[in-house]
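See structure below.
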Amino acid sequence: MPHPSPANAVLETLGYALFLRGGDGSLREAGESPQWLRSLWPALEKDGAVLPIEDASPFLENFLIDAEACWQEGGEQRARSGPWVEETGGGERVELEATAMTASGQAVLLIERLGAEFAAKKNVLQKARETVIAHQRLNSEIQKKEILLHCVADEMTATLANIVTSLRLIEAEDNPPRTKVLLGLATRGTEDQQRLISRVLDVFSEEMGTIYGGKMANGNAADFWTALSQSVEMVEGAFADKGVKLTRSIGEKDTLRVPVEASHLERVLTGLLENALERASAGGAVEIAVEDEADSLLCRVTDSAPRMSGEAYDDLFSTFGMPTAGSHASAVRLHFCRIVIESCGGEIGCEPGETSGNSFWIRLPKVVAK
Amino acid sequence: MIQKKVCLLGTSGVGKTSLVAQFVHSMFSEKYLTTVGVKIDKKTVRVGDEDVMLMIWDLAGDDDFQRLQTSYLRGTSGFLLVADGTRAVTLDQVLELKTRVEGSMGSAPFLLALNKADLAPQWEVDEARIAGLAADGWHVIKTSAKAGEQVEDAFTELARRMIAAS
């Protein structure tokens, strides 16, 4: 077997295959083909074989148009193909790059098998693109949370302002003892709201760990019954004002802890009740039902409003989708509920009520006492 | 047999390579591996009574790190524009890319694949925007390279449009 020339041996070591362009436009290999090239294009078995462009590679066929322009221009012009990938018959991926140039008046095509340097470049690009994607996702999340924060804060601030005004008007009157009790409740509600706004703002400005996926220590888990009782107490007056009957179908048992911060759970339940109240017509009814399941509990708030369309059910909890049913305030409330419930591993949904109306439900995992 | 060159266009990480892998090899990998350069695959689809061999050029994502080489688009019969439905910004980017490509090589049949339909809860491209594109005459298909949803349909519909245009 003849030894390759030193020039050919160097080219092969560097991962290059050299082709010379003939007068008929064919590309004839200079010297012996390296093994990687023969595995790609077996027609190059023989020394000085012609590169079967049309059968070999659509990419190369396309590049040869640029190469031809480069050869016509001559001089020190070079045309580079950029990297591309071919597969051998055995399925091995081979990364290549072609360069067209003129050397000593001869049109030359170099095909390089890309090696470690290219792998390193690819690795850098991989990391850079992963970072860009992560950055885009993070930006998007931050944007959504900022919008949510402002929506929730606005909603609560407006509610608070109404309460404060009402309290001041009532306080100015000569109140019987029962009214004073009610005033006490309302004052507590106001304070709770103020604390909640402050807490939500704190949570968003720091790391949002509690609401968004943070692990909660068992000691901080809320008692569901306490939260429900507080929520019902909070909305009872509004239900009475609108003449909507609030009924409970609850088999109340011992303490039932769920992995949600108490004020958030209270806000979720209040939100569901306010949502039902908003939908219910005067004289209608809303039912709260709680079912104790094996590892979770299911709480349903069913209203007596007309049933929504199927599409509306799908859109109710969509991320900042325009509500197809209910008000904007209602959409914000439900979105807040969804975030809190899903972040603790629970589920939220809405479906037609058994006989009529709409049934909003949450399913929360139970915290098992150790 | 009729042969048509199809180029996949879109920014990085939208799932162009995954769509091709699903369409040609019925494979999907969760791991994101960036494409650097070009990979060409072939697959035959049936359009009416004809078999159409698609030469699918999977091009590296166009972004700040690598710009699309328009010489790769020479002889293209149609484009599959790909955006990631969970990143609305990628739709803006592919629209901008389409304008750039059409400015340099003229128009050709195209279809927009909004990929990652399996990640519906994280979806950012809203229905109103899709309806707006449809109203402008765009054919938009929600695909999932992971689940294989609508992938075959997207390529076949593009082939049908390319045949109709030729």
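FYI, it's all coordinate maths here, none of it is from the lab. As the structure is a computational prediction, the values presented were derived from the model and not from experiment. Cβ coordinates were reconstructed from backbone atoms using ideal geometry, including for glycine residues, and neighbour counts include every protein chain displayed.
Its convex hull of Cα atoms gives the stretch A:109-189 a direction-averaged projected area, equal to a quarter of the hull surface, of 9.1 nm².
For A:Ala128 and A:Asp174, the FRET efficiency from 1/(1 + (r/R0)^6), where r spans their Cβ atoms and R0 equals 56 Å, is about 0.15. Who wins for biggest fluctuation among B:Ile56, B:Ile130, B:Ile141 in a Gaussian network model of chain B, springs between alpha carbons below 10 Å? So, out of B:Ile56, B:Ile130, B:Ile141, the one fluctuating most is B:Ile130.
Beta bridges assigned by DSSP with both partners in the protein assembly as shown are antiparallel in approximately 65 percent of cases. Derived scalar couplings between HN and Hα for the stretch B:41-57 equal 10, 10, 7, 9, 10, 9, 10, x, 9, 10, 8, 10, 8, 8, 9, 9, 9 Hz in order, rounded to whole Hz, by the Karplus curve 6.51 cos²θ - 1.76 cosθ + 1.60 (θ = phi - 60°), x for Gly and Pro.
Taking R0 as 30 Å, what FRET efficiency do you get between A:Ala9 and B:Gln69 from their Cβ-Cβ distance, rounded to the nearest 0.05? Don't skip to the end; give the middle numbers.
Numbers: r = 33 Å, r/R0 = 1.10.
For R0 = 30 Å, the calculated efficiency reads 0.35.
Within the protein assembly as shown, the proportion of Cα pairs with more than 47 Å between them is 35 percent.
The phi torsions of the stretch B:67-74, fed into the Karplus equation with coefficients 6.51, -1.76 and 1.60 and a -60° offset, translate into couplings of 8, 5, 8, 5, 5, 5, 8, 3 Hz, rounded to whole numbers, with Gly and Pro shown as x.
For the residues of B:30-37, the average number of beta carbons from a partner chain within 10 Å of their own beta carbon is 6. Under 5 Å between amide hydrogens, built in the peptide plane, is the criterion, and for B:Thr86 it picks out B:Glu124 among residues at least 5 positions away or on other chains.
The slack in the chain from A:Glu342 to A:Ala294, taken as 0.36 nm per residue of separation less the alpha-carbon distance, amounts to 15.4 nm. The alpha carbon gyration tensor of the stretch B:12-128 gives principal lengths a ≥ b ≥ c with a/c below 1.5, which makes the shape rounded.
Please state the relative contact order of the stretch A:68-196 as a whole percent: Cα pairs under 8 Å, 6+ residues apart? Before the final figure, lay out the partial values.
Numbers: 92 pairs, mean separation 17.2, N = 129.
Here the relative contact order equals 13 percent.
Please say if the stretch A:265-304 is rounded, prolate or oblate, where rounded means a/c under 1.5 for a ≥ b ≥ c the square roots of the C-alpha gyration tensor eigenvalues, and otherwise the choice is prolate for a/b larger than b/c and oblate otherwise? Since a/c reaches 1.5 but b/c is at least a/b, the shape of the stretch A:265-304 is classed as oblate.
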